[in-house]
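Everything below concerns the one structure shown next.
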Amino acid sequence: MVLKLSRRSFVAGLPLLLAACQTKTASPIQAGLSLLTDGTPDYATAYAATEDTGFKIPAIQYQKFDPKFLRQTVFYPTSQPVGTIVVDPANKFLYLIGPGGRAVRYGIGVGRAGFAWNGEAVIGFKREWPKWFPPKEMIERDPKLAKYKDGQDGGPTNPIGARGLYLWQNGKDTLYRIHGTNHPESIGTNASSGCIRMWHQDIIDLYGRVELGAKVVVLG
């Protein structure tokens, strides 16, 4: 038996058809990912070796990591406004809140300092390939770092990595950072030092999406 579809029925059902198509493609595209021919995210391109302002960034061997730590769009209903960053240190996720109950989720690594502070803050300033200033306590533990007391210039060997987002609260620096890392294997783990670290490719993506003054919520 052949079913005939009237023009009125086709037009009425068109929004549902379009919505279904959008549902299949919205998640990876919103996360800044292109799609392969089979509809899966092209992580090989997203995490490929690249060059950024003269610095070479190595590829991420993403196949070796739990897929949940790869950049992706997920459902994350929240009362926080669009554009807010929510950091979940315990589960090693960072969410950038988007519209419609969705968020771009990134895998993170968390150092001791990453568990030392929680609450609400704002992005006080942003830096590309920023200098790194080791804390006095770190220099005391490792005197070789004394040569960096006035800052280590930005670059691939710098612990802050390709980008730094600096959290401020009530007009003061919290000393809490969201930054890149030259230890990609630390994503998804409790790292030995630092705050919240991300793969270079992911912190560059996040950096380009967030505005100065954006709200940040760090879960306890």
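The values are calculated or read from the model by the stated rules, or taken from the named source; none is laboratory data. Owing to the predicted nature of the structure, the values given are computational and were not obtained by experimental measurement. As a convention, Cβ positions derive from the backbone with ideal geometry for all residues, glycine included, and neighbour counts pool all protein chains shown. What goes into the accessible areas is simple: the full protein's heavy atoms, side chains included, and nothing from ligands, DNA or RNA. Shrake-Rupley method; radii C 1.70, N 1.55, O 1.52, S 1.80 Å.
Miscellaneous remarks
- Accessible area in the full protein assembly, largest first, 1.4 Å probe, for 74, 110: 74, 110
- Set of segment 102-133 residues, backbone N closer than 12 Å to the point 7 Å along the Cα-Cβ line of residue 52: 127-130
- Working from Cα pairs under 8 Å separated by at least six residues, relative contact order for the chain is 21 percent.
- Ranking of 150, 42, 142 by solvent-accessible surface, largest first: 150, 142, 42 (1.4 Å probe, protein heavy atoms only, all chains present).
- Global form of segment 67-117, assessed from the alpha-carbon gyration tensor, a/c cut-off 1.5: oblate
- Residue 185 versus residue 78: modelled label distance in nm, points set 7 Å from Cα along the beta carbon direction: 3.1
- Set of lysines with alpha-carbon distance to residue 131 below 26 Å, sequence-local pairs under 8 removed: 56, 92, 144, 147, 149, 172, 215
- For segment 20-113, the square roots of the Cα gyration tensor eigenvalues, ordered a ≥ b ≥ c, give a/c of at least 1.5 with a/b no greater than b/c, which places it in the oblate category.
- For the chain, calculated [θ]222 nm from helices alone, where every DSSP H run of n ≥ 4 adds -39500 (n - 2.57): -6000 deg cm²/dmol
- Rounded percent of accessible protein surface that carbon and sulfur make up, the chain, 1.4 Å probe: 57
- Residue-normalised accessible area of segment 84-131, given per residue in Å² at a 1.4 Å probe: 37
- Relative contact order of segment 55-167, defined on C-alpha pairs under 8 angstrom at six or more residues apart (%): 22
- Among the listed values (i) 17.1, 53; (ii) 15.8, 50; (iii) 20.5, 83, the one matching Rg and Dmax of the Cα atoms in Å as calculated from this structure is (iii).
- Ranking by accessible area, most exposed first, for 45, 37 with a 1.4 Å probe: 37, 45
- Centre separation in Å (Cα based) which lies between segment 165-220 and segment 90-124: 8
- In degrees, nearest ten, helix 7-30 long axis to first principal axis of the chain (Cα): 20
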